[in-house]
Amino acid sequence: MQRPRFRDGWRLRDRASGFTLLEVLVVIAILGLLVGLVAPAALRQLGGARASVARQSIERIGSLLDLYKLDVGSVPTTGQGLRALAERPAGVAGWNGPYLKGEAVPLDPWGRPYLYRSPSSRSGRDYDLCSLGPAGQGGDPGQQGLICNH
């Protein structure tokens, strides 16, 4: 018996079904264009999100430094650093910590330690608490690219 050539108005294929090389290349080209258009926007959003997280973390650490100051009477010195929020510094009375969860001093969103300086090099502040930002360079509060406490 012979197979019908048409069924419901469509011709039956005699060869195996599948995608041609040209169809696959067109799909890959379209996906490449979409990635090329979307990826830069997504990376810009990621960079902005990290800066926002750094600002929020600096505010949170600042709140912990305020609690430390209420208990001890002053913020930690530059030598004691932010480590004083996790471990009692030698010779400090009134320490009621740890003020940080865990024993690790937090890192900025780029994986680097925050810069802490007490007393502050800026007038009207007890301390400087900064992230080096995405560039990872600098060190003076107020310098371009740094994210610091206000």
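A short reminder: the numbers here are calculations on the coordinates, not readings from a lab. Just so it is clear, the model here is predicted, and its values are computed rather than measured. Cβ coordinates were reconstructed from backbone atoms using ideal geometry, including for glycine residues, and neighbour counts include every protein chain displayed.
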Worksheet, complete the sentence: Exposure proxy check on T20, T78: fewest-to-most Cβ neighbours within 10 Å is T20, T78
Practice prompt. Restrict the search to the stretch 59-121; then list the trypsin sites (Lys or Arg not before Pro) that DSSP places in a loop and that have at most 10 other Cβ atoms within 10 Å of their Cβ.
Written response: K101
Item to complete: Enumerate the calculated ³J(HN,Hα) couplings along the stretch 17-31 in order (Karplus 6.51 cos²θ - 1.76 cosθ + 1.60, θ = phi - 60°), each rounded to whole Hz, writing x wherever the residue is Gly or Pro.
Response: 6, x, 9, 7, 4, 5, 4, 5, 5, 5, 4, 5, 5, 5, 4
Response to the item:
Phi angles of the stretch 85-99, converted by Karplus (6.51 cos²θ - 1.76 cosθ + 1.60, θ = phi - 60°) into ³J(HN,Hα) in whole Hz with x for Gly and Pro, give 7, 9, 10, 5, x, 5, x, 9, 8, x, 5, 10, x, x, 8
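So what are the stretch 74-150's ellipsoid semi-axes, whole angstrom, largest first, if each one is the square root of 5 times an eigenvalue of the alpha-carbon gyration tensor?
Details: eigenvalues 108, 51, 14 Å².
Each semi-axis is the square root of five times an eigenvalue, giving 23, 16, 8 Å.
Hand me the GluC sites (Glu not before Pro) from the stretch 42-138 located in a DSSP loop with no more than 15 other Cβ atoms within 10 Å, in residue order please.
The qualifying sites are E87, E103.
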